[in-house]
Every structure is written in C-alpha cells, then in structure tokens.
Amino acid sequence: MMKHVKLGLCTTLLVWFLALWLTGCRPAPVTLTVSAAADLTYAFQEIGAQFEKETGHHVVFNFGSTGQLAQQIEQGAPVDVFAAANISFVEELAEQGLVLPGTAQRYARGRITLWTRPDSPLQITQVSDLARPDVQRVAIANPDHAPYGMAARQAMQAAGVWEAVQPKLVLGENVRQTLQYAETGNVDVAIVALSLSVPAAAGPEGPGRWTLIPEDLHAPIDQALAVIKSTTHEAEARAFAAFVNGPQGRPIMRKYGFVLPGEEPVP
C-alpha cells in the first residue's frame with residue numbers, strides 16, 4: 001500500500017515538474033510595433049487579431065503615410081516591422097542599413113478607386129470626370145509622401161486632367177484621411193485605396209460608391225514590408241512578416257482587394 005502511495009506521489013511530482021519545465025520553455029508574449037501604410041488599416045487589424053490569437057503576441061499598429069513612417073524610422077522610432085505602400089521606401093531604408101538583411105519582401109499590389117458618398121448626386125465613372133465643373137473638391141493623399149497620392153496624381157496626368165483638377169484638390173496626410181474627407185462630405189470625390197473601398201472595409205458611414213481606376217493609368221503600387229534592424233524582438237517580427245505573406249494572412253489581404261505576389265495579371 002505504501003509502495004503505491006509513494007509511486008503515485010512520484011508520478012504527481014514528475015508531472016508537476018514537467019509542466020513547470022514546459023511553461024518555462026514557452027516564449028513569453030511580447031508586444032510588436034508595426035508601422036504600416038494607411039491603406040492597410042482594416043486588413044492589418046484583422047491580421048493582427050488573428051496573429052495574436054495564434055501566437056499570444058500583441059501587435060500595436062502605427063498607421064500613416066508611408067513617407068512619414070519611413071522618416072520616423074530614420075529618426076530612430078522604435079519599430080519592429082515596417083509595411084510600406086511602395087517598395088521603394090523599404091529599399092531606401094535597406095540602403096541606409098536600417099533593415100535586417102533578407103527580410104524585405106513584397107506582400108501586395110494595391111489599386112486605386114474613385115470614391116463618392118452613396119447619397120452623392122454626382123456620377124463619377126472615370127478620372128476625366130474630375131475636371132467637370134460640377135465637381136468642386138477632390139481629395140487625394142499628399143503625393144509628396146503618400147504612394148496612393150502619387151498614383152492618383154499619375155492617373156490624372158495620364159487622363160490629361162491634372163492641371164484642371166489641381167485648383168480643386170484637398171490633400172490628406174494619408175489615404176485613410178483622404179477617404180474621411182469624402183465620407184464626411186467635405187469633398188465631392190476622393191481617390192483612395194481599393195482596400196478602403198471594398199465592402200469588408202465599410203466604416204461607420206457605410207459603403208460608398210466606387211469605381212476602380214484602370215491600372216495602366218499609373219505605376220504599379222507594389223507594396224513591401226521588412227523587419228527593422230533595431231528590433232528587440234527579431235524572431236517575433238519575422239514571424240509576423242511570414243504570417244502576412246503566409247496561408248493565414250493572404251486570404252485576408254485578398255478579401256480587402258489586394259493583388260498578391262504571384263497573382264498579378266500577365267501584362
């Protein structure tokens with residue numbers, strides 16, 4: 001009888017020590033800071049929630065204009081992962097030695113749309129419509145530092161209406177603010193990201209009316225991300241980057257209208 005009691009006690013202690021050892025070996029949750037282009041707001045919020053659920057790590061997003069986010073990183077902002085709306089900004093940071101070698105990767109191609117409120121009397125179906133006299137205010141992201149604003153300017157230049165539309169322009173700091181100008185009625189129409197226009201991204205104002213702008217009117221909006229060299233959570237940052245470009249993140253990105261690497265149309 002005593003022998004069985006001792007054996008049971010030893011087994012219980014063994015299980016307890018094993019559980020304690022396994023708990024000690026499990027990585028402690030960390031908080032990642034991800035600076036991401038504003039067009040990623042809805043897609044990355046969903047991806048971040050899924051990443052947290054599967055890994056236990058917390059993700060804090062800093063959404064904004066790609067150019068401004070890149071400048072913050074250059075000035076030493078504590079960032080683990082940078083997701084840009086244009087690959088050139090990641091390449092520039094890599095040239096400065098601010099990106100971990102081998103971590104830069106393309107994750108999506110974006111598209112732009114003409115967006116109006118659902119109650120707008122205006123029927124805007126092509127870029128050239130922006131030059132009409134009944135269109136009084138047009139919002140785009142600031143093309144000096146926002147890739148979606150750059151694409152909007154290129155589209156208007158290609159359509160031959162840039163000079164006519166310039167006096168009507170209202171510039172947003174980023175593409176999300178640009179959409180807000182149109183949602184609130186402060187402008188008649190906005191050129192914004194498809195990822196902010198699709199039903200999945202409908203905000204409190206509800207879905208608007210939008211028309212996809214032909215891709216041949218602007219340079220491809222190829223987007224890339226990278227792990228920042230100064231990160232103190234390299235393994236977790238690499239895991240998040242892989243998550244975005246992996247089987248968990250790709251369906252979410254596709255839902256928000258992004259064209260994924262390997263799925264681009266043949267020219």
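Excluding same-chain residues fewer than 8 positions from K229, which aspartates and glutamates have a Cα within less than 13 Å of its Cα?
Correct list for K229: E74, D80, E95.
With the dipole of the chain worked out from charges on the C-beta (+1 for Lys and Arg, -1 for Asp and Glu) around the Cα centre, which of V34, A84, A182 lies farthest toward the positive end?
V34
Quick one: order F61, F82 by neighbouring beta-carbon count within 10 Å, fewest to most. Numbers along the way, then the final one.
On the way: F61 18, F82 31.
Sorted ascending by nearby Cβ count, the order is F61, F82.
Among the aspartates and glutamates, which fall within straight-line cross-link reach of K255, defined as a Cα-Cα distance under 13 Å, with same-chain neighbours fewer than 8 residues apart omitted?
Within the straight-line cut-off, K255 pairs with E46.
Determine ³J(HN,Hα), in whole Hz, for all residues of region 149-160 in sequence, where each value follows from phi through the Karplus function 6.51 cos²θ - 1.76 cosθ + 1.60 and θ = phi - 60°; x replaces Gly and Pro.
After applying 6.51 cos²θ - 1.76 cosθ + 1.60, I find x, 4, 5, 4, 4, 4, 5, 5, 5, 5, 7, x Hz.
Rounded to the nearest 20 debye, what is the charge dipole size of region 153-267 about its Cα centre when +1 sits on each Lys and Arg Cβ and -1 on each Asp and Glu Cβ? Don't jump to the answer; show the numbers that get you there.
Values: 9 positive and 12 negative charges, 41 e Å.
That gives region 153-267 a dipole magnitude of about 200 debye.
Which whole-Hz ³J(HN,Hα) couplings does region 36-45 yield from phi under the Karplus relation 6.51 cos²θ - 1.76 cosθ + 1.60, θ = phi - 60°, glycine and proline marked x?
9, 4, 4, 5, 8, 3, 6, 5, 6, 4
Translational diffusion coefficient of region 110-217 at 10 °C, 1.306 mPa s, Stokes-Einstein with Kirkwood Rh over Cα pairs, in µm²/s as a whole number. Intermediate values should be presented prior to the final figure.
Numbers: Rh = 13.2 Å.
The calculation lands on 120 µm²/s.
Read the figures in this text as sums done on the coordinates, not as results from a lab. What you are looking at is a predicted structure, and each value in this text was computed from that prediction instead of being measured. For neighbour counting, all protein chains shown are included, and Cβ atoms are generated from backbone atoms with ideal geometry for every residue, glycine included.
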